[in-house]
1. Can you name the helices (runs of 4 or more DSSP H) wholly within the stretch 174-237 that have at least 2 residues being over 16 Å from G64 (Cα atoms)?
2. Looking at V71, V138, can you tell me which residue is in contact with a helix residue (DSSP H, G or I) (Cβ under 8 Å, 6 or more places away or on another chain) and either over 16 Å from V27 (Cβ atoms) or not charged (D, E, K, R) (or both)?
3. Considering only the stretch 56-97, how many residues are buried (at least 18 other Cβ atoms within 10 Å of the Cβ), without any contact (Cβ under 8 Å) to a residue 24 or more places away in the chain and touching a His at 6+ places or on another chain (Cβ under 9 Å)?
4. Checking the condition farther than 24 Å from P203 by Cβ, modelled with pLDDT of 95 or more, under 20 Å from the mean Cα position of the chain (by Cα) and aromatic (F, W, Y), which residue from Y159, Y53, Y119 passes?
5. Sort through S136, S177, S112, S173 and tell me the only one that's at negative phi and in contact with a Cys (Cβ under 8 Å, 6 or more places away or on another chain).
6. Mind checking whether some residue in the stretch 262-270 is touching a Lys or Arg at 6+ places or on another chain (Cβ under 7 Å), at pLDDT 60 or above, surrounded by 11 or more Cβ atoms within 10 Å (Cβ to Cβ) and in a helix (DSSP H, G or I)?
7. Residue check: is I205 in the same structural domain as T87 (by TED's automatic domain parsing), of a type in the set (A, V, I, L, M, F, W, C) and within 22 Å of F72 (Cβ to Cβ)?
8. Mind checking which residues of the stretch 115-144 are among the basic types (K, R), in a strand (DSSP E or B) and in contact with a Ser or Thr (Cβ under 9 Å, 6 or more places away or on another chain)?
Amino acid sequence: MDKKNTISACIIAHNDEQVIERCLKSVKGCVDEIVVIHDGPCRDKTLQIAKKYTKNIIIRPRKGLMEGHLVFAYKKAKGEWILRIDTDELLQLKTQKIMRKLVSDEKIDGYSLLFRTQYGRESMATDHKLCLFRKSKVNFLEFPLQVEEIDGRVAELDYELEHMPKVNILDISSLKSRHLVTLKKCALYYLVDFTKLEKLGNPKIKFTTKLRKKFPAMIIPPLVIYYLAMNIFNKHLFILKGKIGWKLILFGALFQIILCYFIHKYKMMGINNIRNIMDYSYLWGEKSK
């Protein structure tokens with residue numbers, strides 16, 4: 001593949017037959033390569049669907065978080081540019097048409113697109129999401145909720161990346177079925193030596209991440225206040241977006257509390273006790289039994 005202005009779409013999947021095809025359809029005509037990494041064994045038709053769009057499909061050991069596979073996916077990608085897109089996301093038609101023009105601009109090294117999420121019957125643009133960037137300019141750490149750091153200029157555009165999750169992520173029922181499980185997995189990463197995690201380039205650890213790791217219980221009040229202030233007064237003005245806006249703010253603050261709680265709990269338990277009750281051997285640098 002001639003790398004000049006080529007794009008590799010990197011997709012991490014896990015039993016996503018409900019949503020992956022619309023994602024693949026939206027990128028097929030505007031990228032040069034599609035790399036699909038499946039998180040653990042596949043128990044539905046996800047891989048069957050993916051094979052219609054790409055041969056670059058790899059099944060890796062189950063980690064439970066997409067960030068655990070992104071460094072591997074980025075290294076496998078052959079394009080000059082990487083499009084990071086989740087299975088429940090899709091490029092809108094206007095965005096698809098502009099992709100080639102975006103990657104031809106020599107002065108730009110990354111693009112953040114307007115991120116519009118579907119909440120039940122309503123949708124709202126909540127922020128811009130970095131999703132298109134030069135592979136040679138990216139710094140990334142295998143860590144939950146990590147955002148790529150780009151060495152160079154990042155442009156913020158109002159072309160949309162649409163997020164259409166399988167369930168309403170602001171529904172209270174998804175708190176137990178989805179969010180609690182994810183937050184527990186995220187918390188486990190805070191017990192690991194960050195220097196042993198996979199990385200690409202030279203990523204930096206956020207100051208708030210270091211504080212969560214060292215003082216998970218003590219940091220809860222200031223972290224929640226900081227989070228509320230940042231989101232109430234952000235440029236998208238969540239407070240003026242009605243019920244959805246307030247739910248986003250409150251759910252986000254609740255997630256901060258729950259994450260810190262589990263970090264504190266697991267630190268008190270100790271790694272050896274955690275090993276006895278759950279298999280996250282990949283975090284400790286061990287082979288699964």
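1. Because the criterion is at least 2 residues that are over 16 Å from G64 (Cα atoms), the helices (runs of 4 or more DSSP H) in the stretch 174-237 that meet it are 207-214, 220-232.
2. Every option except V138 fails the conditions.
3. Of the residues in the stretch 56-97, 1 are buried (at least 18 other Cβ atoms within 10 Å of the Cβ), without any contact (Cβ under 8 Å) to a residue 24 or more places away in the chain and touching a His at 6+ places or on another chain (Cβ under 9 Å).
4. Of the residues listed, the single one that is farther than 24 Å from P203 by Cβ, modelled with pLDDT of 95 or more, under 20 Å from the mean Cα position of the chain (by Cα) and aromatic (F, W, Y) is Y159.
5. On the way: S136 fails: in contact with a Cys (Cβ under 8 Å, 6 or more places away or on another chain); S177 fails: in contact with a Cys (Cβ under 8 Å, 6 or more places away or on another chain); S173 fails: in contact with a Cys (Cβ under 8 Å, 6 or more places away or on another chain).
Exactly one of S136, S177, S112, S173 is at negative phi and in contact with a Cys (Cβ under 8 Å, 6 or more places away or on another chain), namely S112.
6. Yes, the conditions are met somewhere in the stretch 262-270.
7. Judged against the criteria, I205 is not a match.
8. As a first pass, look at the stretch 115-144 and keep what is among the basic types (K, R): 116, 121, 129, 134-135, 137.
Restricting the remaining residues to those that are in a strand (DSSP E or B) gives 116, 129, 134.
R116, K129, listed by residue number.
The values are calculated or read from the model by the stated rules, or taken from the named source; none is laboratory data. Everything quoted here is computed from the prediction, not taken from an experiment. No Cβ is skipped: glycine too gets one built from the backbone with ideal geometry, and neighbour counts run over all protein chains shown.
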